[in-house]
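Presented below is the structure to which this report refers.
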Amino acid sequence: MPNREPPACLSRPCLNGANCTDLANGGYFCSCKPYYTGKNCETNIFHPCRSGPCVNGGKCIELGNCTSQFKCVCPFGFTGARCEVEVKEFVLNVTARETLSALYLDSVQIFNLSNVADWKKVATVRTPITTRLIAVMAGNIHDMCAGILLSERNQYILSSNINWKCYIDASLGWASLTYNDSHWPTAHVVASNGPVVGCPDLEVVKDIHPDAKWIWTTRNIQFDLVVYCRGYIDICKSKPCQNGGICHRSGSQLCACLKGFTGTFCEKVEYTDLSVFAYEKLESVYIDDVKMKTITNGVNKYSLHPLVRQLKFMVIDANQVSDTKKCYGLVGSTGVGPIDLITYKLDWKSEYNTEAGWHRNDFNDTKWVLPDELKMNNESRCTDLKPIPDIRSTARWIWPPKASDRYLVAFFRATTNLCKKQLSICQNQGTCSPSKGPICVCPSTFTGPYCEYKIGVDVPGPEASCPSNF
């Protein structure tokens, strides 16, 4: 007798309290509770963002009046309704009236076409989406419609966020990102591949998108000249920098990263290796409210995120040691990383007897006292201390400020002074919180982990209130 497939409902595919019914064909059907939808009833009609529809780091915003509509605000380099499409470059088509002489992208000369006589010649180049400057030189101009015709195939950059300027006589270095063009007049820009008002002899150029942009000078030209046009792509409006990085519209570095982050967009995180050992028993370890696994009688190793704010430890004197020559406490060291127990100057506090919640970020430790000392691994005052395997010789011992002959439980808390070390972490006048809640407390008109999004501009406004039971 052939094996029969188990009923599909055994795997409990229906979510949010939905009832599952096995179908004759081997499938299943979910009867959703009110205000839920989807094959598995995974989507809340009033809160579509709860199902996590945005991918690749996209931020989900629920839209308007308690409906199922939402918008994904995509990080730089991704597009699509759910941020599912990665964009690494755009394809730029460029031509000129009458001769396209040179094209520069971010100060790098892509080509020189000084011998091209046919103004319908179209040059096609691929350029990264991080490109901030397009600089074009057009020669042999002899009428008022002097300028450049540009388009892009994927309509990613040139469709928005670009400021064009044109000038007749440019100085050396005009194609550089650092060139000061504040005296250049703003160019005329018209999205039209073909005749433009005032330029009746312009024709449609093949291989150029119908929405291509004509860029030309603000003055009439009555004799042969060379026209220079510069277009700054304001990438910063697209919020390309991640993890609190600050975007620069010019210069060699696009994103200025906070300490502990690297990469073009500050997308790479540098974790710090932390090793901790207790004398005599390490009972609990918390990193920003999160309880970590511990080895009570061995070296514990953790990875610290660069934005960690507090470390907390509970140490038990299991043998009720009364010998003050023994350093009852905690020893720690770090490997390579932005946080170091030695050089980062953590603020340490300790206490013997404390209350519930001592490990929370919002716990008030003002009554706690400074540890007695921070010494090296082989501290001479502690006669029984020996170098500990996997702990660096420069590790620090931290112990309570007084000796006791009774059974002890000691608590240690270290603050990283994140708000003082990372002065620019909160943008748009946001306030950094040194211990609890979100790292940045934003003004009412901004949102985001670092207050980087302006409400109503970068992200939609707040959603309308929904029924209280949803």
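Remarks
- Residue within segment 275-286 that is within 24 Å of S424 (Cα to Cα) and not in a loop (DSSP other than H, G, I, E, B) present: no
- Search result, residues across segment 419-429 that are touching a residue at least 24 places away in the same chain (Cβ under 8 Å) and touching a strand residue (DSSP E or B) at 6+ places or on another chain (Cβ under 7 Å): S424, I425, C426, N428
- Tally of residues being under 24 Å from L304 (Cβ atoms), modelled with pLDDT of 80 or more and not in a loop (DSSP other than H, G, I, E, B) across segment 339-383: 5
- Any pair with Cβ under 7 angstrom, 6 or more apart, that starts in segment 237-249 at a residue that is closer than 13 Å to G58 by Cα and ends at one that is outside any loop (DSSP other than H, G, I, E, B) and not charged (D, E, K, R): P240/C247; P240/C255
Let's see how each residue does on (1) modelled with pLDDT of 75 or more; (2) farther than 26 Å from R249 by Cβ; (3) crowded, with 21+ Cβ neighbours inside 10 Å:
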position	(1), (2), (3)
G194	no, yes, no
C199	no, yes, no
A212	yes, no, yes
N220	no, yes, no
V226	yes, yes, no
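- Single residue of segment 287-313 satisfying the filter (of a type in the set (S, T, N, Q) and assigned to a loop (DSSP other than H, G, I, E, B)) that is surrounded by the fewest Cβ atoms within 10 Å (Cβ to Cβ): N297
- Selection status of S322, farther than 14 Å from F411 by Cα, in contact with a Ser or Thr (Cβ under 8 Å, 6 or more places away or on another chain), at pLDDT below 85 and crowded, with 19+ Cβ neighbours inside 10 Å: no
- When residues of segment 287-319 are limited to those that are in contact (Cβ under 8 Å) with a residue 12 or more places away in the chain and β-branched (V, I, T), the one nearest to I425 (Cα to Cα): V308
- For segment 97-149, filtered to residues that are out of contact with any Gly (no Cβ under 7 Å at 6 or more places or on another chain), of a type in the set (S, T, Y) and in a strand (DSSP E or B), the residue that is modelled with the highest pLDDT is Y104.
- Within segment 242-283, the set of residues being in contact with a His (Cβ under 9 Å, 6 or more places away or on another chain) and buried (at least 17 other Cβ atoms within 10 Å of the Cβ) comprises L254, C255, G260, Y271, T272.
- Residue within segment 68-75 that is assigned to a loop (DSSP other than H, G, I, E, B) and within 30 Å of V125 (Cα to Cα) present: yes
- Search result, residues across segment 420-446 that are at pLDDT 85 or above and not in a loop (DSSP other than H, G, I, E, B): T431, C432, C440, V441, F446
The values are calculated or read from the model by the stated rules, or taken from the named source; none is laboratory data. In this text the structure is predicted, and so the values were computed from the model without any measurement. Neighbour counts are summed over all protein chains in view; Cβ atoms, including those assigned to glycine, are modelled from backbone coordinates with ideal geometry.
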